[in-house]
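Reading through the structure tokens given below for one structure.
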Amino acid sequence: MTSFDQVSGLPRHPHEISEILDFDETHTVDSHSDTTATGTELDTLTDGSDADALHDHPVFLLLDGTRPMTGALDVDQVSTSGAVPVITVDQADVDEDFFKFIGTSDTNVDRALVDAADFTTPGAIKGWLKINVQDDQGTDPIIDGDYYIPFYAAPTA
């Protein structure tokens, strides 16, 4: 039975994503390089318990069972009335960032990373991205709610 995360609505375990996508990966002894399972490990495979520690499946599979192209993520909120965010990011490690961007900047404004030293005049604000922030700190110094991040036209030198 598939268990769903109450916040995201996504399956809790990678193998459950395969179940939802109606993808059953066939396994044979020949398909694995390690065939030295012990009695305890074999019992785990047949007693209905969680055997994730014994075998991993890819997290994201296409309907045909293949892995999607690497380096691309496209998430589409198909419901216009679902009243849920497209992506919820929950960072339990309070000392770490939510996102890390890695790239190479140079003197071309069309690059993914643009160095402010090369383009000192910011572009005009063209709009705002709505985000929602929830601060789970007990004293709640940031008020939970909607906030807006500005986005700009290309900067100039």
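Since every read-out is calculated from the coordinates, none of them should be taken as a lab result. Owing to the predicted nature of the structure, the values given are computational and were not obtained by experimental measurement. Cβ: placed from backbone, ideal geometry, glycine included. Neighbour counts: every protein chain shown.
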Positive minus negative residues near F151 (Lys, Arg vs Asp, Glu; Cβ under 12 Å): +2
Grab the Cα-Cα distance for V86 and T104, subtract it from 0.36 nm times how many residues apart they are, and report the gain in nm with one decimal. 3.7 nm
Burial ordering of V114, V109, fewest other beta-carbon atoms within 10 Å first: V109, V114
How big is the dipole moment of segment 89-157 about its Cα centre under a simple scheme where the beta carbon of each Lys and Arg is +1, that of each Asp and Glu is -1, and everything else is neutral? Debye, nearest 20, please. 560 debye
